[in-house]
Structures are given as C-alpha cells and as structure tokens.
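The values are calculated or read from the model by the stated rules, or taken from the named source; none is laboratory data. On a predicted model such as this, the values are computed, not experimentally measured, just so you know. Every residue, glycine among them, receives a Cβ derived from its backbone with ideal geometry; neighbour counts consider all protein chains shown. With ligands, DNA and RNA removed, areas are computed over all heavy atoms of the protein, side chains included. Shrake-Rupley method; radii C 1.70, N 1.55, O 1.52, S 1.80 Å.
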Amino acid sequence: SLRGSGSMGQIGVFTFGASYLDQQGVNPIEKLDRLNLSTNINFNLNDRITSTTGIQKIRSRNPFADGSFDGLDRALINMPASTDVRQAWMPDGSPVMFGNNDPHFEWLAENQFNDELTNRWMVSQQFGYRIAPGLVLSNNWGLDTYVSEFGRYLDERPWRTAEGEESGSTIQRKTTRTTIN
C-alpha cells in the first residue's frame, strides 16, 4: 500500500492512494490479483464554495478452479492419501490417469479453470455552499461503473475423444453495470 497527500496552499488539499494485493489460494489455480488507485481533491473555490472530488479505479483478476464434478477441487479431495502424485505426465506427454476419466491434478489445473477480470471506476463529486457558519447547502453525485468478464474453460479430454465421446466447452460472458446517484 502507498498513500500520499499534499497541500495546495489555501486553495485545497489532495490525497493519493495505491494498493496491490496478490493472494494465492489452496490449489495452484486460485488467486486474487487486485490493484486499487484512489485520489481525493478538495478545493476552496472561494470563501463560501468548496468542491470535493473522489476517484477510485479498481482492477481485479480472479482465476479459480472449475467446481464441476470433474474439477480440480473434487479430484484433490477424493484422491487417496497413498496416491503418488510426483509424476504428472507420461513420457508421451499425456497426463497420468487415476481411473478412466480422472487425469492428474496438474492437467486439471492447466485445462479446466474459470477466470474473472473486473475493471471498476467509482467517482464522486460534491459542491458545498456555506450559507452561514455551521449551515452548508450541498450537491452530491456519484458514478459507479464496472465491466466484468467471466470465462469458464474446459479443454477437450483427448482420451474421451478417442473413444468417440464429446468433451470440452467454453462459456464466456461480459457484464456491464453503471449506477449514478
């Protein structure tokens, strides 16, 4: 985290903040990567009128394991403690299999996952007019807008295709939301 502030003399005050979070989950896919930038600017436009502006930008990325029946979390939970997981790949590059349709968890981590990327802006503005000492008339407005992109990726399981069964899919969606107060 980084915070800074400064003064613009009798005109006003500004602050700036930045923070970055890089957090890992229990399994190798899950993580949270977030950058947050913020600034606040306070102006005294004259002896009666003030302006306060706040701007915040947040960018977060959150890849996580597929939660389906064939997903990584289920594979890790159901794997017997006696299973030797040191070798993930066969000499031909195919994954080590635990049963007919259960590949090594490293294959699952690389080929079945979800990902979400969100970009968000929050802006607020306030004007104040001092009518008398202790009495201020103010006008406030705010904007909160974001775009979130989600993807679920399940790569083809070649051993199923070789048996004539279908496998693999992709789901993608984009959500946009804007709120004005």
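Of note:
- The C-beta contact set for segment 16-31 (first residue free of Cβ contacts under 8 Å to residues at least 60 places away in the same chain and under 19 Å from residue 58 (Cα atoms), second residue open to solvent by 60 Å² or more (accessible area, probe 1.4 Å) and outside any strand (DSSP E or B), distance under 7 angstrom, 6+ apart or interchain) comprises 19/1.
- Failed criterion for residue 52 (all others in (1) among the hydroxyl-bearing types (Ser, Thr, Tyr); (2) more than 30 Å from residue 150 (Cβ to Cβ); (3) at pLDDT below 90 hold): (3)
- Unmet requirement for residue 132, which otherwise passes all of (1) farther than 22 Å from residue 62 by Cβ; (2) among the small types (Gly, Ala, Ser); (3) at pLDDT 95 or above: (3)
- Cross-chain or 6+ apart pairs with Cβ under 6 Å, segment 150-169 first and of a type in the set (D, E, K, R), then at pLDDT 85 or above and part of a strand (DSSP E or B): 152/114; 152/171
- Restricting segment 61-95 to residues that are in a strand (DSSP E or B) and in contact with a Leu (Cβ under 7 Å, 6 or more places away or on another chain), the residue that is most open to solvent (accessible area, probe 1.4 Å): 61
- Scope segment 28-42; condition of a type in the set (Lys, Arg) and either in contact with a Ser or Thr (Cβ under 7 Å, 6 or more places away or on another chain) or at pLDDT 95 or above (or both); matching residues: 34
- Residue tally, condition more than 30 Å from residue 109 (Cβ to Cβ), modelled with pLDDT of 70 or more and either in contact with a helix residue (DSSP H, G or I) (Cβ under 6 Å, 6 or more places away or on another chain) or hydrophobic (A, V, I, L, M, F, W, C) (or both), over segment 1-27: 5
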